[in-house]
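See structure below.
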């Protein structure tokens, strides 16, 4: 049996995987053209969902399983050559530490005015700027899953109040309370930080709109580490320019890469990162146990026992 690891940025330790499965032929490629030359006999494809394009799928007639290393797999739904009977699994559940830490980067960076402090340092200016604490602040996290739990637990360590927004869960570790999605506006009114962590689907597109930003306090901060289209970007830009909210931390956008002329680049109360939320220096170690479990199920014909089955 042949397995293709499409690994443009090194998220999988293919040598370790081969050692775990010595009877398999595991081929690793980091670029599309070489991958197209060797993929014809592969029955499984392992890779980051957003790097997988239709020509690769079309060149794999024996494909039975796509092992996405990302939580989100919506990109795969856009590939016309991906047959409906191909099993898809996701990397859900491993990204909590890095996503939580990125959210803290936004919160602490904006709250503690790190840009201004760094500018003072470069200019040799001693300015003891006002300092605001995370302690006693309320964070509202829209979307309650594995990542949100990791974030909420860390927030509790900082003395914060944690409120979740979800229609599917009434309680979760680290959360003081969870309210249904139809109470998002009321929750936004309470938020010192409003964090988008919802999946991208027909119900969440444009979920964070002008009404949500109007409900937020002038001192509050909006953070998006979900998907770009869940936010009405023009409404967010308006709220930021008019200082109806204090700032934003944004890792994802409606158009990626974010165009050079996009107005978000030049807003002083925004921290922009280039979709790095799921990345880490130990990604291969984080994902390896999940890949091994699912690959063992695949080899043994126990595909119903795989973890994170999307379809």
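The values are calculated or read from the model by the stated rules, or taken from the named source; none is laboratory data. Note that the structure is predicted; figures quoted are calculated from it, not measured. Backbone-built Cβ (ideal geometry, glycine too); neighbour counts: all protein chains shown.
Laid out as a table, the results:
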quantity	calculated
Test result for residue 48, in the same structural domain as residue 287 (by TED's automatic domain parsing), surrounded by 13 or more Cβ atoms within 10 Å (Cβ to Cβ) and farther than 18 Å from residue 310 by Cβ	no
Which listed residue, of 282, 270, is without any contact (Cβ under 8 Å) to a residue 40 or more places away in the chain and touching a helix residue (DSSP H, G or I) at 6+ places or on another chain (Cβ under 8 Å)	270
Boolean, residue 82 is modelled with pLDDT of 95 or more and buried (at least 21 other Cβ atoms within 10 Å of the Cβ)	no
Residue among 222, 158 that is more than 30 Å from residue 76 (Cα to Cα) and assigned by TED's automatic domain parsing to the domain that holds residue 235	158
